[in-house]
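These notes are about the structure you will find just below.
Every number here is computed from the coordinates shown, using simple stated rules; none is lab data. What you are looking at is a predicted structure, and each value in this text was computed from that prediction instead of being measured. Cβ placement follows ideal geometry from the backbone for every residue including glycine, while neighbour counts extend to all protein chains displayed.
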Amino acid sequence: MEKGKMKLSRQYYERLENVFSIEYKDTAGTSNARVHRHDQYEILLCLSDGMFLTVDGEEHEIRKNTLLIFNSVDLHQFGTKEPEGENKRYVLYFDPSYVDYLSSERVSLLECFLFRPFPDGGSWS
């Protein structure tokens, strides 16, 4: 990016029936990046290299095309190492009760959000 030129953020947002929201975000660097959580569950698809994720105080490098899942108690922060780095992603937020309604006795669609067999929540690299 040329010095003195500012990258514009692009976003797409749609809310469906008050239980889902889908967003495309294209922001520069760590703009507005802070440790946070959501009342909904979140599925995030990273579209850029050079990203980082901080969960429970531990930082992990995230590669392009990585799919991340968060429940409503996961404190997390997502951004770039470089101040002007590319931060493109799709984010889906949803109310877990709606998805749980689609589950059956044999298959819980929310199990991967709640029960993680890995000590650190998964492999990030």
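Worth pointing out:
- Note on the range 41-72: residues that are in contact with a helix residue (DSSP H, G or I) (Cβ under 6 Å, 6 or more places away or on another chain) and in a loop (DSSP other than H, G, I, E, B) total 1.
- Of all residues making up the range 52-109, the number that are of a type in the set (Val, Ile, Thr) and within 20 Å of ASP39 (Cα to Cα): 6
- Some residue of the range 101-112 being under 24 Å from VAL19 (Cα atoms) and in contact (Cβ under 8 Å) with a residue 12 or more places away in the chain: yes
- Some residue of the range 73-89 being part of a loop (DSSP other than H, G, I, E, B), of a type in the set (S, T, N, Q) and either in contact with a strand residue (DSSP E or B) (Cβ under 7 Å, 6 or more places away or on another chain) or more than 18 Å from PHE113 (Cβ to Cβ) (or both): no
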